[in-house]
Amino acid sequence: MFLSLQLMKEDFLHKKLEERKTQNAYRELKLTEAMVDFCSNDYLGLSKLLHPDSSSNGSLKHGSTGSRLLAGNYPLINETEKQIAAFHAAPSALVFNSGYDANIGLLSSVPQRGDTILYDYLSHASIRDGIRLSFAESFSFAHNNLDELEEKLKKAKGNKFVVTESVFSMDGDLAPLTEMISICEKYEAHLIVDEAHATGVIGKNGEGLVQDLNLQSRCFARIHTFGKALGCHGAVVLGSTALRNYLINFSRAFIYTTALPESSVMAIRMSYELFPNMHAEREQLRRLVQEFQQSPIKFNKQHSSTPIQAVIVPGNEEVKYVAGQLQAKQFDIRPILYPTVPTNSERLRIVLHSFNTIEQVRSVTGSLQ
Ligand SMILES: Cc1ncc(COP(=O)(O)O)c(C=O)c1O
């Protein structure tokens, strides 16, 4: 085994890595330094509250010992799914080990050969990867472009699925879900909404954009992830009981993996008890978003009503330079490079949190003037 690894030709890997270096887009693992957080997805600061020391229940298992279909199922995870389904006004919920797994597990298993998937061009990598694993035909539509979506739906064959994010992860803008669902209904298409960046943040109690717009009964499936505002790990697919049963039977990303442990699920449960009441934190987020949006800076910034704020600094080298200047002032702000975003739309992705202050935001915008 070791020998064959040594003999294996890896020129193709080296070639791709060299290309990345030439593009000034080579990624390396770095340790996070203590800086003011403008980077993580911990929107409400919950990951700090959910530190193991703050949990009184020391008997929770840190391993689940197997797949949910074997030794890995336990009462707490079933109860938690029911609690989450009720909170999100859905018939049922199925926990996956991450948002990536949820998108892969759903999109690779549900649409079949002969079906059609239409997805927003700016969809997250996990959505794209799930679609690639499916045998259905797939086409993207331009970002939030309803006319193009409708044109493509007219030609779509088999069962039709439309996939979008409610809050886009790189731009922070919202999908026009009300209009989108009407178009889906006109062409009998199933709408799938990834609520990763809306969970905990959008809606009176952080339910997400779908419920804020009262569209929950008209969506085929919703994905809520726990690794962002909820400060935990994992995700859930919401939908009908038939969808849940289908995923239990056919979704390989659900079947062939170790279930989340009790300790993780308890953290998710605690988070669902905390975040609905974090009104002051959501209000603070709104204030910071407003402050950021209203402050003049010398770069173009995307219009965004969410904690994700994108400042466009075209060019990998340029955006890295500007990010470096902010980091030198102890602001943990990361550049997003091509090819993660299209060329010339390289950006600073500034993530606002309820624990950031107006003064800190002013300091950041002041540095960008
Ligand atoms: C829109 C979207 N969906 C899914 C995911 C994946 O979620 P997780 O990090 O839980 O795997 C992310 C994470 O960045 C995301 O932004």
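The values are calculated or read from the model by the stated rules, or taken from the named source; none is laboratory data. Given the structure is predicted, the values throughout are model-derived calculations rather than measurements. In this analysis, Cβ positions are derived from the backbone assuming ideal geometry, glycine residues included, and neighbour counts consider all displayed protein chains. In case anyone asks, the SASA skips ligands and DNA or RNA and just uses the protein heavy atoms, side chains included. Shrake-Rupley method; radii C 1.70, N 1.55, O 1.52, S 1.80 Å.
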Subset of 30/320; 48/298; 298/329; 9/320; 82/204 violating a 24 Å alpha-carbon distance limit = 48/298; 9/320
Cα lying deepest toward the dipole's positive end in the chain, options 201, 110, 35, charges on Cβ = 110
Just reorder 207, 188, 151, 81 by solvent-accessible area, largest first, 1.4 Å probe, all chains present.
-> 188, 151, 207, 81
Accessible area expressed per residue, the chain, with surrounding protein chains retained (probe 1.4 Å, Å²) = 49
Given charges of +1 on the Cβ of Lys and Arg and -1 on the Cβ of Asp and Glu, with all other atoms neutral, how large is the dipole of the chain about its Cα centre, in debye to the nearest 20?
-> 420
Label residue 35 and residue 186 with points 7 Å out from Cα along Cα→Cβ: what is the distance between them in nm?
-> 4.6
Taking 0.36 nm per intervening residue step and subtracting the Cα-Cα distance, what contour gain separates residue 17 from residue 344 on full extension?
-> 115.6 nm
Which net charge results for the neighbourhood of residue 197, defined as the other residues with beta-carbon distances under 9 angstrom from its beta-carbon, given Lys and Arg at +1 and Asp and Glu at -1?
-> -2
Suppose R0 equals 25 Å; then what is the FRET efficiency for residue 218 and residue 145 from their Cβ-Cβ distance, rounded to the nearest 0.05?
-> 0.75
Solvent-accessible area, 1.4 Å probe, carbon plus sulfur percent, for the chain | 54
Cross-link partners among lysines for residue 186, C-alpha distance below 22 Å, same-chain residues fewer than 8 apart left out?
-> 152, 154, 155, 157, 160
Toy charge model, Lys and Arg Cβ at +1, Asp and Glu Cβ at -1: the range 197-283 dipole around Cα centroid in debye, rounded to 20, equals 320
Point-charge dipole on Cβ atoms (K/R +1, D/E -1) for the range 137-239, about Cα centre, debye to 20 = 320
Which value in Å is the Kirkwood Rh of the range 122-206 over different Cα pairs?
-> 13.6
DSSP beta bridges in the chain [antiparallel fraction, %, rounded to 5] = 50
